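Chemist: Sharing a structure, written as structure tokens. Questions coming.
Any read-out appearing in this document is the output of simple, stated calculations on the displayed coordinates, not a laboratory observation. Worth saying up front: this structure is predicted, and the values here are computed from it rather than measured. Positions of Cβ are generated from backbone atoms using ideal geometry, with glycine treated the same way; all protein chains shown enter the neighbour counts.
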Amino acid sequence: MMAPVSLHAGRWMAALRAMLPRGPDIRQAVRLLVSVLLSGVLARAVHLHEPVWSLITSVIVTQSRITQTLTTGRDQIVGTLIGAGAGVSAIILLLTTPLPTWLVFWMLLTPLALLAAARPNMRFAAITLMIVLLFPAQGGDPFLRPLDRIASIMIGVLTSLTVSFFVLHDEARRDVLRTAARLVGDIADLLDRALRGQLDHDAIEAADEACRTHIQDIYSAVAEAQVERLDVLHRRHDPLLDQLPGLLRRLRGNAVFAARAASEGETLATGAALDAERHALGRVLAQLARRCEREARTRRRRRPPTIDGAEAILVVLHEPGPDWSPVMQFTLGVLHADMARAVRAVWSDGAVSEAGEPIPLLPPAASPASSALPAPSAGHAGRAAGSHPRA
């Protein structure tokens, strides 16, 4: 009788823990509250007639990521300017022509509706037109409401951007490394199961889709980190973040190719040779994932970069011999090289290559994996905000 009660209590506790806000959620809530508070104070300080629009703008614009805040703020400003322009045009038509209000409204709303259909982020233009024309200012200058609306939006957007940059923002570099650790763990599991003969084509495709999602998250976090650190303005870059997305993208592609080859019976190797390769791959990838996770918990290192310890990890990787088919010999050789590059990059914080020299940012070399992910331009992954490739 006690067992069912304990089981239900455990489920309720698990559901309660899932509903409780976590660290990122609490930080975002604090940012949102601070943004609304500052917007309200500034709107009243400049004596806006309707400060509520500054508060609403702050709620809309303040996002969990700085890149999202920049994009939403830009859309708010552009849409408001277009809508305010349409509103001013409507007011002029009402003052200079005998056209009824409803006709003027629909004449100007139609092109804005077409614009919103083509560019959904421009829907704020139609909203601004409705506010300006359907809720006119009580007495005084009829052009006061469009100007007041623009001022409210500007205050809300600028406040949101300031809060996003300076109040409890998440460290995107940490997100990159943690996602990289999850991706490497998934790659390790994929290779282990494939070499055991436990995966078919559908299972490999499902695992590959999960890996692609991780890579997209990494590119997004890299773009966020560059905005966070103002790298574009200071012309400085994080060497590891510049290289890691491309390295992991190539590692994923070759791992998937190796898994497909194994599922097609291309291994030929059995017994001790197969087990030794499987254990070697799992060991290196597990240590790479743990290193990424550990680096995510610490600040960026200030000491000179080295590859101390990396070679001791890579020593277990041996050149595939005649026990393997020619296809697997080539595939495993490329996979070993990709793993070595990734390990050396992470251990050195992206500053040294296999020979201990600075790594030139080159596009990924041709590999047997046919990947739908395009190579990052100029060797920098997502140099501008939001410029990551699609999976």
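Chemist: Could you pull out the trypsin sites (Lys or Arg not before Pro) across segment 145-205 that fall in loop regions by DSSP (anything but H, G, I, E, B) with no more than 13 other Cβ atoms inside 10 Å? Before the final figure, lay out the partial values.
Modeler: Values: sites: Arg149, Arg173, Arg174, Arg178, Arg182, Arg193, Arg196; in loops: Arg196.
When the trypsin sites (Lys or Arg not before Pro) of segment 145-205 are filtered for loop state and at most 13 Cβ neighbours within 10 Å, Arg196 remain.
Chemist: Would you please report the Å³ per residue occupied by the convex hull of the alpha carbon atoms in segment 22-166?
Modeler: On the way: hull volume 14.6 nm³, N = 145.
Normalising the Cα hull of segment 22-166 by residue number yields 101 Å³.
Chemist: Where the only charges are on Cβ atoms (+1 Lys, Arg; -1 Asp, Glu), what is the dipole of segment 141-211 about its Cα centre, to the nearest 20 debye?
Modeler: Dipole about the Cα centre, nearest 20: 420 debye.
Chemist: I would also like to ask the following. Using a 7 Å offset from the Cα along the Cα-to-Cβ direction at both Met107 and Ser89, what is the distance between the two label points in nm, to one decimal?
Modeler: 1.0
Chemist: On to the next question. Starting with the fewest neighbours, write out Glu50, Glu224, Glu209 ranked by other beta-carbon atoms found within 10 Å of each beta-carbon.
Modeler: Working: Glu50 16, Glu224 25, Glu209 10.
The order, fewest Cβ neighbours first, is Glu209, Glu50, Glu224.
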